[in-house]
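Enquirer: Quick one: this structure, given as structure tokens, is what I'll be asking you about.
The values are calculated or read from the model by the stated rules, or taken from the named source; none is laboratory data. These numbers were taken from a predicted model, which means no experiment stands behind them. Methodologically, a virtual Cβ is constructed for each residue, glycine included, from the backbone with ideal geometry; neighbour enumeration extends over all protein chains shown.
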Amino acid sequence: MSDTVADLVIIGCGPAGMAAACEARALNLSVILLDEQATIGGQIYRSIESAPAERLHVLGHDYASGRSLASEFRNSGVRYLGGAVVWNVSSDGTVDYVASGRSEKVMGKHVLLASGAMERPFPISGWTLPGVMGAGAAQILLKGSGALPNGPVVLAGCGPLLYLLAWQYLRAGATIRALVDTTAVSDYLRAARHVAGALRGWRDLVKGVKLLGALRFPAIRVFFGCSELSVEGERRVEGLSFKHRGRPVRVPASLLLLHQGVVPNTQLTWSIGSAHRWDRDQLCWQPVTDAWGRLGESPIYVAGDSRAIVGAQASAVQGRLAALAVGERLGVVTDFARRAAPLERQLKRHASIRPFLDALYRPKNGNRIPQANGTVVCRCEEVTAGQIRRCVELGCRGPNQTKAFSRCGMGPCQGRFCGLTVTEIIAQARGVEPCDVGYYRIRPPIKPVMLGDFVQ
Amino acid sequence: MQAFLMITEPLFAIPRSSELETVTITFEGESLTVPAGVSVAAALLVGGVRDFRSSAVGQAPRAPYCMMGVCFECLVEIDGVPARQSCIVTVQDGMEVRRQVGAASLDYVSFGKRS
Amino acid sequence: MTVVGGGLVGAAIAYGAARMGMHVCVLDQGDTAFRASRGNFGLVWVQSKGHRSPRYARWSRDAVKLWPALQKELLELTGIDAGLRQPGGFWLGFSDAEMRARFELLEGLDRQVGEIPFRMMDRSELQEYLPETGPTVAGGSFCPLDGHANPLMLLHGLHAALRLKGAEVITGIDIEQVRYDPGNAGFDVIASDGQRWKSERLVLAAGLGNAHLARQVGLHVPVTSTRGQVLITERLKPFLNYPTNKIRQTGDGTVQVGSTSEDVGLDDGTTTDKIEWLARRAVATFPVLARARLVRAWGALRPLTPDGLPIYQASVSCPGAYVATSHSGVSLAAAHSFVIGPWTCGYIERPPEFDVFLGDRFLDPNASFSHDH
């Protein structure tokens, strides 16, 4: 076993990555795990090892349960490289990364991509103003430093993470000025079709109901069924205006947290050239894999939220299954079906409530596809929805020609924050489905690398 | 005369705790005492900084959005090195942080440890 | 007139025709086509062009002199800035031997063709123009005619101008067949999905696709692909005031580092070894670039003829059909618009001494060819 060659190279230290590392190490495979952050846990278990008791209490049981996985990971004998920025994964298992100002390589007989999810962008008018952040960002601040809003905060959007954050803030004593919920009656009706699944996942359902119940009392000002959200302010956010029951409302805010779900971080899978499908329920791209997460005929697997949004528990299970699949390919697992069976049952359980949640908290068209032409879509290059539509009028049929004509997607975020929006705007303008439009051609480096890092 | 206040009432605060270690950094030359071990972005937010940079194309004020290294809005100059993602860098005592004004410049003197 | 191909060559020619009143229909491929235009480095370049072909040297020189008119016209018509800047440009050399060879080449060109001024500079003089030049650079050659533009903005501008001049641009089309139909005034152009167009005149500007289509109208166009990989950095504050042959700072502030020449068939991917190689060369040339962040790398396929020179030819067996192939879609853009466009319309005579650009030259069994890529 060498320092730079391993049976399995894992990218990402969240639940999927950590669980896969533990499982692979238990099979006595050599494992190298790379993660960009300085501490383990990914986003969902951020700072899990250093969280003091009061913070664990505020954040709730699901977060705290990450501690046992973190501890298992630390004891697994994995070769863990924190602060390693992966900039390329090749289909032969080579992984290029930068650490301490130098570009290095590791080689895996297999590679597992476990880079998790990112918050879906929320491209409404004014969303680029300072003081507007994602709810996930606020949760990262809470987990990473215990930081709470310093004044009354406004939360807007929909989805479990938004309500979880509100619940955590209440437990911590923060003041929530308003919760502007975009969930409407039609969402409940749509979700009702999936109630059977929700009931099968009754544990998750009960958790959710309890959480929502806590939000009503003491009274947070909640506005339901809101639409036409627009951020107001000149040099920083000053308020959020919206329509509620047909009437215009404005809520002042110096801190506004937006959220409408999370989406798979597909930058790595696109850069490898893998096939992706557009999921019409989750409204995002998902890499096409076999049942264990393998990409085509390559030695590369994907597990966790970067494959499809499944949540932390299911991500960990997928990580373990991928590790077992790799173990089988390497000949150290001869009873794969027997070992996989209980994990597959767990996955089924976790998946039960998904269709219900996806339907209930489906992000609104108006919040995904800005109609106002002046709304910034590509934050890095400041390209607006109107500019993108004009490119379509000029004959651009997809995001790559649009990128060439407008520079959208050419900034340092490399299309992460605008890609979904651009695809959907083009699809709407052309009257076709997002899968007919496609996505940016993503190429290495998938994170910016200093040219000097290539010089010996 | 500043066109706008650089350091104001912070958007975030950390509840008082006797175990809380702090470090001292500067932002635009002004001294800030911030919690140890957090990201530079978190430290600046808690320290009262509202905008971190002005955008390259339209010189618009910008501040962190995602806090996880995806949106690239949190770019600041740290110890002379421009355009660093402050949500990924851990704050160190003595760091000198400045707003990232427009595009990065190449003629800088980097000082302090490159973390 | 139907123009097959809406890249830099096709769009420029079509614009040249449309602005003279010809009714033009441009047929362009879809979002993920190879699109050499997206890989163009963006130089508007004269020096050293055509060192084996005086006619090409003259063609390049004249094209570059016409460029400001194209820039101005597109800006006024569409509001789009194609980014032309002509401060002069540098070739950089890394050894005395390279410098000597360069001098001989440029001096020979100027003597043979005329009006292609240049100046050799040693390191110290070079540093007055390019202060960031690194210690491994021995010197360079400067040509005051050289400059650069923004290939993507140029393409955008041409497409916008085409619309404004009443041309039809249809995208998402893959043309499989072109047929000469003498009884029915001209040409049938047939797409892979069965759509058809009819026109009296036909211009094939389909880059790599030209070989297969040109054959169908009696023209010989042996184009093959050479992959070029290019690096591009984050936006940077201006520090490079002149373009150089391998590295330039664009109007957006990004620095482009080019480029490779690889024989890899139809693979427009990027490779880590070339990315690293280009990065090291960039840092060796301008050490300060060590601090620049690489944000994008891309690969594109250049449609190259065996001698690297363009093919411009009118079909004899199928009168009204023309082919235009060149990998210098930016440098030659103005010539394509203001000369090739009108020629393919029949509004002007074939440019003088154009035999050197006939595709037939490659049919000569006694000739051998090489190109600089």
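Enquirer: Is it true that C:Ser337 is away from chain A (no Cβ under 14 Å), in a loop (DSSP other than H, G, I, E, B) and not hydrophobic (A, V, I, L, M, F, W, C)?
Expert: no
Enquirer: Among the listed residues C:Gly218, C:Gly253, C:Gly258, C:Gly209, identify the single one that is within 14 Å of another protein chain (Cβ to nearest Cβ), over 18 Å from C:His373 (Cα atoms) and not basic (Lys, Arg). Walk me through how you get there before you give the answer.
Expert: Working: C:Gly218 fails: within 14 Å of another protein chain (Cβ to nearest Cβ); C:Gly258 fails: over 18 Å from C:His373 (Cα atoms); C:Gly209 fails: within 14 Å of another protein chain (Cβ to nearest Cβ).
The unique qualifying residue is C:Gly253.
Enquirer: Condition (residue is surrounded by fewer than 22 Cβ atoms within 10 Å (Cβ to Cβ), at pLDDT below 95, hydrophobic (A, V, I, L, M, F, W, C) and part of a loop (DSSP other than H, G, I, E, B)) applied to segment B:62-82: is it met by at least one residue?
Expert: Checked against the condition, which is being surrounded by fewer than 22 Cβ atoms within 10 Å (Cβ to Cβ), at pLDDT below 95, hydrophobic (A, V, I, L, M, F, W, C) and part of a loop (DSSP other than H, G, I, E, B), segment B:62-82 yields no hits at all.
Enquirer: Would you mention how many residues in segment C:231-250 are within 14 Å of chain A (Cβ to nearest Cβ), farther than 21 Å from A:Glu104 by Cα and not hydrophobic (A, V, I, L, M, F, W, C)?
Expert: Result for segment C:231-250: 5.
Enquirer: Within segment A:100-115, how many residues are within 14 Å of chain B (Cβ to nearest Cβ) and buried (at least 24 other Cβ atoms within 10 Å of the Cβ)?
Expert: The qualifying residues number 1.
Enquirer: Among the residues of segment C:357-373, how many are modelled with pLDDT of 95 or more and either in a loop (DSSP other than H, G, I, E, B) or over 21 Å from C:Ala206 (Cβ atoms) (or both)?
Expert: 1
Enquirer: Among the candidates B:Ser31, B:Ser39, single out the residue that is among the hydroxyl-bearing types (Ser, Thr, Tyr) and within 7 Å of another protein chain (Cβ to nearest Cβ).
Expert: B:Ser39
So that you can scan it fast, the table gives a plain yes or no per residue for (1) at pLDDT 95 or above; (2) away from every other protein chain (no Cβ under 12 Å):
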| position | (1), (2) |
| --- | --- |
| A:Val98 | yes, no |
| A:Arg120 | yes, no |
| A:Ile124 | yes, yes |
| A:Trp127 | yes, no |
| A:Ala138 | yes, no |
| A:Pro152 | no, no |
| A:Gln168 | no, yes |
| A:Gly173 | no, no |
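Enquirer: Being buried (at least 24 other Cβ atoms within 10 Å of the Cβ) and out of contact with any Lys or Arg (no Cβ under 6 Å at 6 or more places or on another chain): is that true of A:Ser125 here?
Expert: Answer is no for this residue.
Enquirer: Are any residues in segment A:288-343 assigned to a loop (DSSP other than H, G, I, E, B) and basic (Lys, Arg), and if so, which ones? Show your work before the answer.
Expert: Here is the first cut: in segment A:288-343, the ones assigned to a loop (DSSP other than H, G, I, E, B) are A:288-293, A:295-299, A:303-311, A:330-335.
A:Arg307 - this is the single residue of segment A:288-343 that is assigned to a loop (DSSP other than H, G, I, E, B) and basic (Lys, Arg).
Enquirer: Grab the strands (runs of 3 or more DSSP E) fully contained in segment C:185-266, keeping just those with 2 or more residues being on the phi < 0 side of the Ramachandran plot and within 25 Å of the chain's Cα centre (by Cα).
Expert: Counting at least 2 such residues, we get C:202-204, C:224-233, C:247-249, C:255-257.
Enquirer: Would you check which residues across segment A:430-455 are acidic (Asp, Glu) and under 21 Å from B:Val70 (Cβ atoms) and list them?
Expert: A:Asp453
Enquirer: Count, please, the residues in segment C:316-334 that happen to be surrounded by 22 or more Cβ atoms within 10 Å (Cβ to Cβ) and part of a loop (DSSP other than H, G, I, E, B). Spell out the reasoning first.
Expert: We begin by selecting, within segment C:316-334, every residue surrounded by 22 or more Cβ atoms within 10 Å (Cβ to Cβ); these are C:321-334.
Imposing the further condition that a residue be part of a loop (DSSP other than H, G, I, E, B) reduces the set to C:326-332.
Counting residues in segment C:316-334 that are surrounded by 22 or more Cβ atoms within 10 Å (Cβ to Cβ) and part of a loop (DSSP other than H, G, I, E, B) gives 7.
Residue by residue, here is whether (1) over 30 Å from A:Ser90 (Cβ atoms); (2) modelled with pLDDT under 95; (3) in a helix (DSSP H, G or I); (4) assigned by TED's automatic domain parsing to the domain that holds A:Ala312 holds:
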| site | (1), (2), (3), (4) |
| --- | --- |
| A:Ala219 | yes, yes, no, no |
| A:Leu229 | yes, no, no, no |
| A:Arg236 | yes, no, no, no |
| A:Phe242 | yes, no, no, no |
| A:Trp270 | no, no, yes, yes |
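Enquirer: Now a separate question. Report whether or not A:Ser145 is facing another protein chain (nearest Cβ under 9 Å), of a type in the set (Ser, Thr, Tyr), over 24 Å from the mean Cα position of the chain (by Cα) and over 30 Å from A:Glu328 (Cβ atoms).
Expert: Working: facing another protein chain (nearest Cβ under 9 Å): yes; of a type in the set (Ser, Thr, Tyr): yes; over 24 Å from the mean Cα position of the chain (by Cα): no; over 30 Å from A:Glu328 (Cβ atoms): yes.
The answer is no for A:Ser145.
Enquirer: Okay, next question. Look through segment A:360-391, keep the residues that are part of a helix (DSSP H, G or I) and crowded, with 20+ Cβ neighbours inside 10 Å, and return whichever of them is nearest to the other protein chains (Cβ to nearest Cβ).
Expert: A:Cys391
Enquirer: Show me the helices (runs of 4 or more DSSP H) found entirely inside segment A:1-84 where at least 2 residues are of a type in the set (S, T, N, Q).
Expert: Ranges flagged: A:66-74.
Enquirer: Of everything in segment B:42-61 that's under 19 Å from B:Gly102 (Cα atoms) and facing chain A (nearest Cβ under 7 Å), which residue is surrounded by the fewest Cβ atoms within 10 Å (Cβ to Cβ)?
Expert: Per the criteria, the residue is B:Gly58.
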